[in-house]
1. Looking at (1) surrounded by 12 or more Cβ atoms within 10 Å (Cβ to Cβ); (2) farther than 21 Å from B:Val133 by Cα; (3) more than 14 Å from the chain's Cα centre (by Cα), which one does B:Cys74 not meet, given that it meets all the others?
2. Tally time: how many residues in the range B:180-205 are away from chain A (no Cβ under 14 Å) and either modelled with pLDDT of 65 or more or not in a loop (DSSP other than H, G, I, E, B) (or both)?
3. Residues that are out of contact with any Gly (no Cβ under 6 Å at 6 or more places or on another chain), farther than 30 Å from B:Asn137 by Cβ, surrounded by 11 or more Cβ atoms within 10 Å (Cβ to Cβ) and not acidic (Asp, Glu): does the range B:51-71 have at least one?
4. Is it true that A:Arg195 is within 30 Å of A:Leu45 (Cβ to Cβ), basic (Lys, Arg) and more than 14 Å from chain B (Cβ to nearest Cβ)?
5. State yes or no: is A:Asp212 free of Cβ contacts under 8 Å to residues at least 60 places away in the same chain, of a type in the set (Asp, Glu), in contact with a Ser or Thr (Cβ under 9 Å, 6 or more places away or on another chain) and not in a loop (DSSP other than H, G, I, E, B)?
6. Check the range B:41-56 and report whether any residue there is within 16 Å of the ligand (Cβ to nearest atom) and not charged (D, E, K, R).
7. Read through the list (1) in the same structural domain as A:Leu3 (by TED's automatic domain parsing); (2) more than 21 Å from A:Met1 (Cα to Cα), then give the number of the only condition that A:Arg100 fails.
8. Quick check on my filter: what residues within the range B:127-163 are in contact with a Phe, Trp or Tyr (Cβ under 8 Å, 6 or more places away or on another chain) and under 17 Å from A:Leu175 (Cβ atoms)?
Amino acid sequence: MILRELELDCFKNIHRLSLSLRPGINVIYGDNGAGKTNLLDAIYLLSLGKSHFHLADNALIRDEEEFYRVVGHYSSGDDKTYDVVVKHQRQGKKQIELNRKKVNRVKELLGRFPVVFVAPDDISLVFGGGRDRRNLINRTLCQCDSDYLVSLMKYNRLLRQKDAMLKKWPKPDRLEVETYNYQMIPLVETIHLKRSAYIDELGAVIRGIYADISDDDECVSTEYKSQFALRNIAEVFREQLDAEISIQRPLVGIQRDDILLYIEGKLFKKFGSQGQIKSLLYSMRMSEYHFLSKSLGEKPILLLDDYFEKLDGKRLSALLLLIQQAPFGQVILTDTELSRSQKIFERHGIPYAAYAIDKGELLTAKK
Amino acid sequence: MSYSSKLLQEAVAALSMLPGIGKKSALRLSLYLIAERQEDVLREFIAPIAKMISDIKFCQICHNLADGEICSICVERSHKSNTICVVESIRDVMAIEDTDQYQGLYHVLGGVISPLDGIAVEHLNIESLVKRVEGHNIQEVIMAVSPTIEGETTIYYLSKRLQPLGVRVTLLARGISFGGELEYADGLTLGRSIVTRVPYEISEL
Ligand SMILES: [Zn+2]
């Protein structure tokens, strides 16, 4: 899927902007704060119906404006065209349209315009809490497995209800809490199974990518950390029931899952060097790309924010190699200056388009 | 709009507080009432409404609307039915009554369990249901509650409370929208689903 045109109205710091993109490489350059990341976030929003940075819809509206609107015109390999509109008014409900028809459930949108976003906050994938790593799994699986998406949405709703139930006064009795557990257990079963398969494969994929870009032959591995590993799920819920009631918050569930990352059998976040961590981050992001292309049968749009800061030496060469392999989808990357990108792409004979952006406005585009 | 009469202005404001009535309709209704003979208006409109507001009660048994302590359905059917249909709201009772397919009793919960909306078990008419089933040779309880996450939660909780009492718990046959939106389901489908209800099963985990 190729994003041909992008139109923004009152989105973050961008007042009004319309941009024609090309297949292959698109470089968006400008100073920090010019709006480059916001542009990528708008593209992400068109694919997943929400901001990559977990911002509420009102926070996406430009200061002192009443609404935002993002429009994307896509075309597929077989020359079909698709229009996606995401708009939101303060005090209103966000609306999504696909080919001028209202999208009622986000699952109708997910996976249609697959996207992978490599953002500056990436380092949290290694050093942050489990939430960042769960987000990686969720983003990938939700884009290619609607069964997973539906189970996860239902689970999250039940979890919020259960949490509210545990916090009420008078305290709930065991049956009131079990009522939620009963409904959560089959969902946990589905999600656990799918995460487990995903993380197994993730290990192999990361190892492969990592080996390509790393100087040494360190072995990278992953482990699924879960309360339910080799356990009867219902039993785990039962064991924590009384503790949950007395502590007044949920203690069991897939919201506590994590992926442990190892290098040579040792925890990455403690023992990985800076270079190794950079290689790992690149491998993890590219694994998302790998999974989506494999299970959807098409290349996702790759959004690389501030790519030059994150990709140097071998990592950059590996990316260029990937880009040179036909057929390749679309890459939209940002940089603070054009000259270094120009040098790299011209040296490799890779065609690209460049767009200058300043204070939320598009300056003249040049090829 | 500016009115020459403050009395009119206040009546328009009051009528437009009603759901579905805008300022324009409120004005039209007010002008109509003024044009009618004063004693007719008082007798035919104001009196019945005032009487309903001051006299209407909730049935002490099923929480449906009633003129006395007990509603007409409970009075007429208590001795000849041992089936209770559990619904979320009074409007659901009316929708099922309209189908003419059900001659049993009702129990109005007053909502579904949703702690996020501040509705916990103790805010619904659940204890009175359990007592009713315990004390009155009830054979079957039909859950005519919406198939949402909160509806399912409510059905599971009720079933667990009723389980020790040995009463049969059933669901409306699925595939139609009901519960809360019961009144919007077409009467034929709703009638059929209450006739062909299915047993509710709790699988052991
Ligand atoms: Zn009654």
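The values are calculated or read from the model by the stated rules, or taken from the named source; none is laboratory data. Because the structure is a prediction, the values reported are computed rather than measured. Neighbour counts are summed over all protein chains in view; Cβ atoms, including those assigned to glycine, are modelled from backbone coordinates with ideal geometry.
1. (2)
2. 17
3. Checked against the condition, which is being out of contact with any Gly (no Cβ under 6 Å at 6 or more places or on another chain), farther than 30 Å from B:Asn137 by Cβ, surrounded by 11 or more Cβ atoms within 10 Å (Cβ to Cβ) and not acidic (Asp, Glu), the range B:51-71 yields at least one hit.
4. yes
5. So A:Asp212 fails the test.
6. Checking the range B:41-56: at least one residue is within 16 Å of the ligand (Cβ to nearest atom) and not charged (D, E, K, R).
7. Result: A:Arg100 fails condition (2) only.
8. Of everything in the range B:127-163, those that are in contact with a Phe, Trp or Tyr (Cβ under 8 Å, 6 or more places away or on another chain) and under 17 Å from A:Leu175 (Cβ atoms) turn out to be B:Met143, B:Thr153, B:Ile155, B:Tyr156, B:Ser159.
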